[in-house]
Amino acid sequence: MLELKQLKRVYASDDFSSFTAVDNVDINIMTGDFVSIIGRSGSGKSTMLNMIAGLLRPTSGKILINGADLWSMNDKDMAKIRNSKIGYVPQGLSLLSNLTILDNVRLPFYLDKRKDNGIDRAKKLLEEMRIQSLAQRYPAQLSGGEMRRVAIARALVNNPEILIADEPTADMDEETSEEVMKLFGRINSEGITILLVTHEYDITNYGNRIYKMSSGKLAEKYHLSESKTMY
Amino acid sequence: MGKQRLTTFALAVKNLRKRSFRTKSLIVVVAVFSFVMFCGGLLTQSLSLGKNYMSGRMGADIMIVPRGCALSLQNTLLRSESNTFYLNENLAEEISVMPGVEQASPQLYIGSLNAACCTVPVQLIGFDPETDFTIKSWMKNIDSSKLGFGEVVTGSRVNATLGGQVWFFGQPLKVVAKLNDTGMGFDSSVFMTLETAQYMIKASQEAAVHPAGNGKDHISALFVRLSGAEDAAEAAKLIISKYPQTDVVVLKEMMLHISTQLHNIKDLAYGIQGLLWIVSVLVLAVVFTVSANERKREFGLLLALGATRKKLEGLLIAEILIICILGAICGVIAASFIMYEFRMLIAVSLGLPYMQPSIGSAIILAAVSLLLSVFTGVISCLYSVIRIGRAETQIMIREYE
Ligand SMILES: Nc1ncnc2c1ncn2[C@@H]1O[C@H](COP(=O)(O)OP(=O)(O)OP(=O)(O)O)[C@@H](O)[C@H]1O
Ligand SMILES: [Mg+2]
């Protein structure tokens, strides 16, 4: 369902040097896969995810989503994909500070021009994340871990085909992080493809395909094609 | 609360509420702009209207006053200045038989002290309903020939009730009619027959307010209408040479003078408006650009969640429209209030005929000010909107991480 073909991103520096953050990456992710990518800081993980999420233009190579070339689409089609096919949990703080938690979570609903106000769906997801009590607060009044969970809820609000998460458990204690990973497992078992990036090794206990990224190159560590017993 | 759909408008309102200081400051900028636009527009319109109204109705080609009193006459007519002066001779009959004179009508001015009724001193004007052709034109709905002894018609700004009394020099006068706005000094004048006026002079002499004139048939000014072919300037020269103790005001010259002043004021108003427009555009553009820059991350995130760039531009424009419309409404309301409350003061201090336009034209002017403010807002945000449309999303998110 998601295929990267010779994907490459080169950052130009101020001087004439350039830096290849993602270097000819090939990967073919099937529907229902749970892919974990580990790699050290600076290895190019976020760069790759941003290209997949339609936020950063690849220098060369292709990203195919259900066979369609993402970066040859027009603004509108791409927005549609970002909105309803992909659920993206960016690295770092990603909530809109002007909106309440509830509004943050239901924002993708509005962007999809749905008639529904999205409140019920958003509340249900907040409940699943065990943060329903925070619905009327603003992001500035939340802890890092709580904000991350809001971002995950937001990514799921439009029932995406694939959930892309960039270090989703970064600010969480062990227990909460395990809870979130279990949630990812449950989401995956409902048929949603998951692509997860982290630099914590223990998280790779989850997922059926584990990759390692270093200096922009991606290498498969192992692949459990049938059984997804790891979670 | 929070039950509504997240439309572009709702989102814009939420954003503006959260940045209330920035929002309020921008509203103030727009309000000042629309305030000046509306005031300037109303001022120039009122002056033009006043001038046209006056020149259309004066009817007199020349006005004869005592030597040195030309300015007093102008100030009485325009500034509501209260003046008393007498023509020493009974000129009316002599002038009215001069060749080229079609009609001559005397008027008598008695300046009053501050009367209880009014914020500015009231001018008492005696006129002769039989020969009058000036005052009459402001009394379209009033039959001035029926004005009896002790009866007066008051100007629109004289605070008197119809059928009631006004007191001058210890004498009660009966208010039988009220004039509409004239846009001139007449608005704070009280009109009466010459007979009543002469009686009032006696009363004022008894009250020791005004010096006694000599002779019984006092008049202050003679309004003269010439027959078509006569050149007013020539006639004026002739009269001055014949009666050296008089001054002659030629209406055409007076109107020309008013026109020049009007043009100067208009130029000044346009200049201020233009300058302020440029300043407003610059201030708004800078604030929008800076804040759009600060909000790059927010916009990037919106894009990441599936907003099209069009939607983002829509959001930005919605915010600006809300600011501009609110600001313009505040500005126009403040301006209408001030221009209405102080219209007298404005008219008097300018010393030009001043006639506020009808509610209809004022509403049109308000609408124009509003549109102009909105247009200004849109112009000023164009640059930031275009920039948002072009920036690369991930870079936008990164820059403030
Ligand atoms: N806009 C940019 N311009 C230039 N270089 C960049 C830019 N963004 C990232 N880089 C560089 O590209 C490399 C990869 O960055 P990236 O954010 O993808 O790393 P990462 O694997 O996500 O690291 P982390 O685990 O710390 O999040 C880094 O060395 C970084 O310095
Ligand atoms: Mg990263």
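Every read-out reported here was derived from the displayed coordinates using simple, explicitly stated rules and does not represent laboratory data. Since the model is a prediction, treat every value here as computed from it, not as a measurement. Cβ sites come from the backbone with ideal geometry, for glycine too, and all protein chains shown count toward neighbours.
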Between B:Glu94 and B:Leu162, what is the FRET efficiency for a Förster distance of 35 Å, r being their Cβ-Cβ separation, to the nearest 0.05?
0.35
Projected label distance in nm at A:Glu178 and B:Gln4, using a 7 Å step from Cα toward the beta-carbon
4.6
Reach of A:Lys45 by Cα under 18 Å, taken over lysines that are not fewer than 8 positions away in the same chain:
A:Lys5, A:Lys8, A:Lys62, A:Lys212, A:Lys217, A:Lys221
Modelled FRET efficiency - R0 56 Å, A:Phe19 with A:Glu127, Cβ distances, 0.05 increments
0.80
Translational D in µm²/s for the protein assembly as shown (Stokes-Einstein at 4 °C, 1.567 mPa s, Kirkwood Rh from C-alpha pairs)
42
Based only on Cα atoms, what mean projected area does the convex hull of region A:43-185 have, in nm²?
9.3
Between B:Glu341 and B:Ser227, 0.36 nm times their residue separation minus their Cα-Cα distance comes to what?
36.8 nm
Got a sec? Which residues in region B:43-62 would a label at B:Ile272 touch, if it sits 7 Å along Cα→Cβ and we count backbone N under 13 Å?
B:43-45
On average over all directions, what projected area in square nanometres does region B:283-401 have, based on the convex hull of its Cα atoms?
9.3
Rg/Rg_ref, region B:130-263, where Rg_ref = 2.2 N^0.38 Å and atoms are Cα
1.23
Given a cut-off of 26 Å, what percent of all Cα-Cα pairs of chain B lie beyond it?
63
Whose amide H sits under 5 Å from the amide H of A:Gly207, counting only residues 5 or more places off or on another chain, with H placed in the peptide plane?
A:Met230, A:Tyr231
Nitroxide proxy distance, nm - points 7 Å out along Cα→Cβ at B:Lys18 and B:Lys140:
5.9
With Rg from the Cα atoms and Rh as the Kirkwood inverse mean 1/r over Cα pairs, region B:62-229 has an Rg/Rh of 0.94
If the cut-off is 22 Å between C-alpha atoms, which lysines fall inside it for B:Lys136, apart from same-chain ones fewer than 8 positions away?
B:Lys51, B:Lys146, B:Lys174, B:Lys178, B:Lys252
